[in-house]
Structure formats: structure tokens, C-alpha cells
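The values are calculated or read from the model by the stated rules, or taken from the named source; none is laboratory data. What you see is a predicted model, and the numbers here were worked out from it, not measured in a lab. Reconstructed Cβ throughout: ideal geometry from the backbone, glycine too, with neighbour counts over all protein chains shown. Side chains are part of the model used for accessible areas, which takes the heavy atoms of the whole protein and leaves out ligands, DNA and RNA. Shrake-Rupley method; radii C 1.70, N 1.55, O 1.52, S 1.80 Å.
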Amino acid sequence: MTRVGPTARGRAGPSRLLGARARLRWVHLILGGALLMPYFLLTQVVVGALGGGSDARTSLLLNFAAYALALPIVAVSGLFGLVRPMSVAAVRAMCAVPGEGLAEGPARSWAARGRASVWWTLHLGVGALVSGMSLAVPPMAVVLLALPFVGALRKLPVGLGPVDAQAQPYLAPLLGIGLLAGLVLCAAAAGALLARLAPVLLGPTAADRLAAAEERAADLAVRNRLARELHDAVGHALSAVTLQAGAARRVLDSDPGFVREALAAIEETTRRTVGELDAVLGLLREGDGAGDAAGPGGAGPLAAPTLAADLDGLLARSRASGTPITTRQDPGPAGDWGRLPAIASREAYRIVQEGLSNALRHGTGPVDLRILVRERGEPGEPGDRGASGGHQELEIIMTNDPADAPPARTTGGRGLRGAAERAALLGGRVEAGPHGGRWRLRAVLPLGGGAR
């Protein structure tokens, strides 16, 4: 345990009362007094019209009545939602309160508005008292300090309480110093009290925490989506280009026709990937939307790839690497996939793309791809509900021979995890692993009431 010496404690005392933090809190209180003035002037007119009287004592009582009457009006105005963010900004700037304990944004519930109203009333009410003392005490203290040295001051008809200005003028400076010390102590105590109450009255409510958690979850979902898009688009393109270039190099002298096809596939793959990369980066630019990203060659916005529009091209580019790929599609040619819901078609394309990337990188021999639409819960399947269920699923099955020796992992398995996340967003699932001596990737995506 660290021991604090007497010297350090001695320095800490004046610092708490007159240090930078204490002075800022004092300014914060004076700001509250200034904010109370419109309310006070309004109620002072009402009280003055009803009270009457012109002597000093009556005037002082009327001022306190106007002050008391202003506080309920302050409390009502504190119920406005924007009072809390304004108060939080002032507290952070001048009260040395950690930002983690304060709420963000306007008050969303009546409970939060009520707490902000209590804070608003305390800030303005206590600030008005400290402001009044700050205006009245220093001139009075100056008079008391000068009283022993200025004879004219001793003749003024000013009551000094227990001090007789004529017989005991030497006691006046002590009273003046006491008044200044009292002002400093009151301001420091009031500032410390408000700083302690700020996290309680301006802190986040359960609704604020829930909203912040939802906002973080939404941000995380966007980040994960962008990560999946980058991995699937760029990762597949680099894998395909590497394999196509390797295959072309091996047959450069013996099969020029294949080399030309591989180079054309490389050109098409890179051109398309640059367009997809621009689309994803457009999401990251401030103020840009997904639809603002231009397609290849600047030909308008780039649409997300789908089974209907892009499956044939994906298969052609993958075959250009030299790996045979056989496909079985139900309900038929790729053009028929236009009946699928758009989101299912997009996610299915990315899952097929990831499966082909894995097969080209880690597998050997031909790849067998089957894509079909079937009734949900067909006999023998989990969740069997028979043909009467009325719901359909898109099933993707891709199999290939695994490599003799598993390659060293260099990517952390993000592709299959991303494919599983894509399926989970639609309420589906992805399974990948050995099956019947081969490697199988199986994805099932619900289509709701059926394909469109």
C-alpha cells in the first residue's frame, strides 16, 4: 500500500479547494446560476406584483420567494429530452466526471427524463446560490479587510454582526477572511456534490444500455458482413487466379489454347473482383452507400452477385484452373434461379463460391456440385414434416476428393465460418467435413413459403 506523507496531504487540501478541477466546477455552478436567471426574472415579476413592500427585509424575502417559485418551473423544463445531452456535455467539460458513467444522447424514457430533471433543478438551484455568494461575498470581504485602515468605512451604517466597527476594527479582517474561506468551502463542497451525483442522475438507464448494446451489435454485424464480402470475393479471386496461372504455366508450350482460356479467365476474374472490391470499400467510406459503388468500368452501381446472374460465370472461371466441375441443378439451368428470393440467391452464390475456393485450394480431382430446391423436412431429413409442410429449402451439396496430406492452415478457417454465418442469417445451416471417403460441404437455406 502506498503511504501518503504529510507534505503530500498538505498540498492536496488547497488543491481540492482552489485547484483547476475545483475552479472548473465553480464555473459550472456559476453557469447554472446564469441559466436560472430567466426563470427567476419571470417569477420575480409575479411575486413583486403580488407582494408589494419596498424595505430591504421585504425585498430579500420576495427574492427568496421568487427563487423558490422558479425551481418547479426549472424542474418542468428539465423534462425535455435535450436537457440531458446538454448537461452531460457540461459535466464532462467542467466537473471531471469519467465519460463512461454518463449517458449518451437524449433521454429516451420518462424515468431518464425525471432523473435529468432532478439534475437540472439541482444544478440551477445550487448554482444560483453559489453565484449569489460569489457576487456578494468578495466585495464584503474587501470592505472588512480594509476596515482597520480606512476610517471612513468605520462610519458607514453597516451591521457586522458580533464585530463592533468602532471598538473592534481589528477583528473585521478576520471576519473577511472567514467569509472568503466559507465561500471557497461552499463552492468546493457544492461542486463535489454535483460531481458525485452526476453519474447517478445522468448515467445510462437500462433502456440506454439496451440501445447502446443494439447499436454495437448492428455495427458488429456490418463489420462481419464486410469481412465476409472481402474474404469471399477477394479470397476466391486470388485462389482462382493462382490456380489458373499455375495450370497455364504447366501447359504453356503444349496447349496454347488452354493458356489463352486461362488468361481470359484471369482477366475476367480480376476485373470482376476489382468491381466487387470497390463496392465493399464504398460501404466503408463515410457518406457512401452500397448502391453508390460503381461496377466494372464505371458502368453504374454494382449489384451483388446471385445464382441467377453469376453462377455460370463462376463455374466457367473455376473450370479454367483445370479442375473438372460437374453440376446438377434442379429446377434446371441457372436462369431459373431468378425465381429465388433475392437474399437467398445472393447468400447461396457466396456459399458456392467459398466451397469452390476450398475445393480448388485443398482438394484433388473433380468437384461435384448439386443445387436443388426441395420441400422442407423431406422424409429422412431432420425436421421432417412431409410434403404438406408448404415450405421449401435450397440445398447446396459440393463434394470432392480431399488432398492426401492436409495442407497447413494459413487463414484461420474464416471462409467456412463466414458461410455458416450467411446461412444462419437466413435460418439455415452449413455442414462441412468428411463424408463417404470424400469431403462434403452441405448448405440448407430456407426459402420461406417457396421460391418466387
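When region 71-92 is filtered for residues that are open to solvent by 10 Å² or more (accessible area, probe 1.4 Å), outside any loop (DSSP other than H, G, I, E, B), of a type in the set (G, A, S) and touching a residue at least 12 places away in the same chain (Cβ under 8 Å), the ones remaining, listed by number, are A75, S77, A90.
Taken as a whole, the condition of being small (G, A, S), modelled with pLDDT of 90 or more, open to solvent by 30 Å² or more (accessible area, probe 1.4 Å) and over 22 Å from A189 (Cβ atoms) does not apply to A116. Against the test of being in contact with a helix residue (DSSP H, G or I) (Cβ under 8 Å, 6 or more places away or on another chain) and modelled with pLDDT under 85, the options G51, G32, G13 yield a single qualifying residue, G51.
Just to verify a result, which residue in region 391-419, among those that are open to solvent by less than 40 Å² (accessible area, probe 1.4 Å) and not in a strand (DSSP E or B), is modelled with the highest pLDDT? Checked region 391-419; the qualifying residue modelled with the highest pLDDT is A419.
Could you tell me whether region 208-217 includes any residue that is buried (at least 17 other Cβ atoms within 10 Å of the Cβ) and either over 26 Å from F64 (Cα atoms) or modelled with pLDDT of 90 or more (or both)?
Checking region 208-217: at least one residue is buried (at least 17 other Cβ atoms within 10 Å of the Cβ) and either over 26 Å from F64 (Cα atoms) or modelled with pLDDT of 90 or more (or both).
The numbered conditions (1) open to solvent by less than 40 Å² (accessible area, probe 1.4 Å); (2) under 25 Å from P199 (Cα atoms); (3) over 32 Å from the mean Cα position of the chain (by Cα) are all true for F40 except (2). So for region 120-142 (the condition being over 27 Å from R21 (Cα atoms) and either in contact with a strand residue (DSSP E or B) (Cβ under 8 Å, 6 or more places away or on another chain) or in contact (Cβ under 8 Å) with a residue 12 or more places away in the chain (or both)), does at least one residue qualify? No, that holds for no residue. Taking A141 as the residue in question, decide whether it is open to solvent by 30 Å² or more (accessible area, probe 1.4 Å), outside any loop (DSSP other than H, G, I, E, B) and modelled with pLDDT of 75 or more. No.
Could you look through region 16-29, keep only residues that are in a helix (DSSP H, G or I) and not aliphatic (A, V, I, L, M), and pick out the one that is modelled with the lowest pLDDT? Filtering first and then ranking leaves R16.
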